[in-house]
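Beneath this line is the structure, given in structure tokens, with notes to follow.
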Amino acid sequence: MTVPIFELPDELRLSLITKQFPCREPQIRALATLLNPSSAPCRNLVVYGTEATGKSAIITALLASLDGDSFKHAIVNSIECITARHLYETVVGKVAAAVEWEAVAPRCESVSQLTVELSKMLRYTERPDGFRFVLVFDGIDHQREAPHTLLPALARLSEIIPSLTTLFILTSPPPNNLLTTFTPNLHFPTYTKPEFITILSLSPPPPITPSTTPTETLDLYTRFLSALHDSLSRPASRTLPSLAQASRTLWPKFIQPILARTHTVKEFSKLIVLARVHFQDESLLDPTLSLSPSPTTTTTTPNPTIKKTTDLATLLPTTARFLLLSAYLASHNPTKSDLTLFSTFHHGRKRRRGGFTGGRARKNGYQHRKIARKLLGAHAFVLERMLAIFMAVRTEWDPASGGRIKNGIVEGEQGLDNDIYMSIATLASLRLLVKVGGGGDVTDLGGKWRVAVGWEVVRGLGRSVGVELEEWLVE
């Protein structure tokens, strides 16, 4: 009886792994064929794909199912290795532990020494017929302090050791990265919407109410997952774990009207309308953004002085805040009103709001009311005008400040930051100030700029420094 040269992988093992990792059957069968000693083993194999696509988990489960007397494997997580030498010594240690080799070299400093040590354990030692060893480098493209010849050198190991298969798990491999004639490449694509719903529906939540059947709960949960994917997957969440976390967080809020007996399971459209605010909240993807009270803590009165860390009033220094307020005034006030608002020639303080009306009176006694300039959008202004407004109002907004600007540095200042242009560059890098036309030097006084924040943001920013910006705007 002749022994077949090529044998298909065991269907029982493949069925168990396919059931454990749904929607990945083509990749599992390809891996089993290219790694199984009795099928079509290859020397090198590149598995690539984005994060959270099941590459490492499927390979680990498949190799564990194939492990036996004539098949051994070792998985090296390259991210955990600090240097290339650390990687070599880790490879030697894990291969020695897999084949039960006792005489392990204490040091391994180069690829040449790595080749010698692996040859001792895998090539010059008696092994069963058809023996195969699979060496997996997980995340080798993120290896720290790796020489540019690391991947080609590791790919040559299988040419020296015939019983070795080297498997590389990468995120996005460059073309011909191994510098070999032919290397199989297996792609793990991102999950599609039907695959997301299929995987998450395998573990449905318990029935919502005692009168709700599991079929009704599963049908509602499937439609809920479809809506969740459409609202969060494309703009924010592209991985299966983040979408699963969002579904676990949002599902109790979604079924709250059903528990309150105001809606039924079949009123999916009304439930979506009620939960629309939660579907637009991207903080569900990161649980650390929302603080949940501990069950053991007692109810306390919230401190009104605590502010969010994302508030501009806490992120920007004083000078940057004043410059942003001055930029808003330059964008929304007409140029002809600057002398009236900010000049102190006729009287000791600046003239605020009240000197302008919404329009001139007509002969019939009616007035023509104009739209407020703050509702028309920001206009471009010259940097020199913004700095002039800043110097005019800073002494009233911050009485502790004083001095004049010389080469972008405020002389004789006490309460504000010194470097004005550094603050302008910071606002420009944060896209709070946008240079019109692009290019040019930030210090160019003739350059045109436009403020990129709205009225609500600027009003809160002004109140954080004790300034009511409405008093400085022309209606």
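The values are calculated or read from the model by the stated rules, or taken from the named source; none is laboratory data. Model, not experiment: these values are computed from the prediction. Here Cβ is always computed from backbone atoms with ideal geometry, including for glycine, and neighbour counts include all displayed protein chains. The protein model used for the area step is the full one, side chains on, heavy atoms only, and it has no ligands, DNA or RNA in it. Shrake-Rupley method; radii C 1.70, N 1.55, O 1.52, S 1.80 Å.
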Cross-chain or 6+ apart pairs with Cβ under 8 Å, the range 338-349 first and closer than 19 Å to Ala327 by Cβ, then part of a loop (DSSP other than H, G, I, E, B) and modelled with pLDDT of 70 or more: Leu341/Asn333; Leu341/Val474
Residue in the range 324-333 that is under 48 Å from the mean Cα position of the chain (by Cα) and modelled with pLDDT under 85 present: no
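Of the residues Arg43, Arg29, which single one is among the charged types (D, E, K, R), farther than 22 Å from Val95 by Cβ and either touching a helix residue (DSSP H, G or I) at 6+ places or on another chain (Cβ under 9 Å) or open to solvent by less than 30 Å² (accessible area, probe 1.4 Å) (or both)? Spell out the reasoning first.
Details: Arg43 fails: farther than 22 Å from Val95 by Cβ.
The match here is Arg29.
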Boolean, Glu126 is assigned to a loop (DSSP other than H, G, I, E, B), among the acidic types (Asp, Glu), open to solvent by 20 Å² or more (accessible area, probe 1.4 Å) and without any contact (Cβ under 8 Å) to a residue 24 or more places away in the chain: yes
Checklist (1) crowded, with 21+ Cβ neighbours inside 10 Å; (2) in a loop (DSSP other than H, G, I, E, B); (3) aromatic (Phe, Trp, Tyr) applied to Phe133, failing item: (2)
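Working carefully through the options Thr213, Thr190, find the one that is over 30 Å from Pro41 (Cα atoms), β-branched (Val, Ile, Thr), surrounded by fewer than 19 Cβ atoms within 10 Å (Cβ to Cβ) and modelled with pLDDT of 90 or more.
Working: Thr190 fails: over 30 Å from Pro41 (Cα atoms).
When all the criteria are applied, what remains is Thr213.
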Filtered residues of the range 70-96 (kept if under 17 Å from Ala32 (Cα atoms) and not hydroxyl-bearing (Ser, Thr, Tyr)): Phe71, Lys72, His73, Ala74, Ile75
Any hit, the range 96-110, residues being in contact (Cβ under 8 Å) with a residue 12 or more places away in the chain, of a type in the set (A, V, I, L, M) and within 24 Å of Phe182 (Cβ to Cβ): no
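Yes/no per residue for (1) assigned by TED's automatic domain parsing to the domain that holds Ser337; (2) modelled with pLDDT under 85; (3) among the acidic types (Asp, Glu):
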| residue | (1), (2), (3) |
| --- | --- |
| Arg394 | yes, yes, no |
| Asn407 | no, yes, no |
| Asp417 | yes, yes, yes |
| Val442 | yes, yes, no |
| Trp449 | yes, no, no |
| Val453 | yes, no, no |
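What are the residues in the range 451-471 that are open to solvent by 50 Å² or more (accessible area, probe 1.4 Å) and more than 26 Å from Thr395 (Cβ to Cβ), if any?
Filtering the range 451-471 down to residues open to solvent by 50 Å² or more (accessible area, probe 1.4 Å) leaves 452, 456-457, 459, 463, 466, 468, 470-471.
Passing the criteria: Ala452, Glu456.
Mind listing just one residue for me: the one in the range 148-170 that is open to solvent by less than 60 Å² (accessible area, probe 1.4 Å) and assigned to a loop (DSSP other than H, G, I, E, B) and, of those, nearest to Asn36 (Cα to Cα)?
At the first step, the residues of the range 148-170 found to be open to solvent by less than 60 Å² (accessible area, probe 1.4 Å) are 150-155, 157-158, 161, 163-170.
Next cut, assigned to a loop (DSSP other than H, G, I, E, B) only: 161, 163.
Values: Ile161: 17, Ser163: 12 Å.
That would be Ser163.
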Residue match in the range 250-263 (condition: loosely packed, with under 15 Cβ neighbours inside 10 Å, touching a Pro at 6+ places or on another chain (Cβ under 7 Å) and free of Cβ contacts under 8 Å to residues at least 60 places away in the same chain): no
For Val104: the one exception among (1) under 39 Å from the mean Cα position of the chain (by Cα); (2) open to solvent by 50 Å² or more (accessible area, probe 1.4 Å): (1)
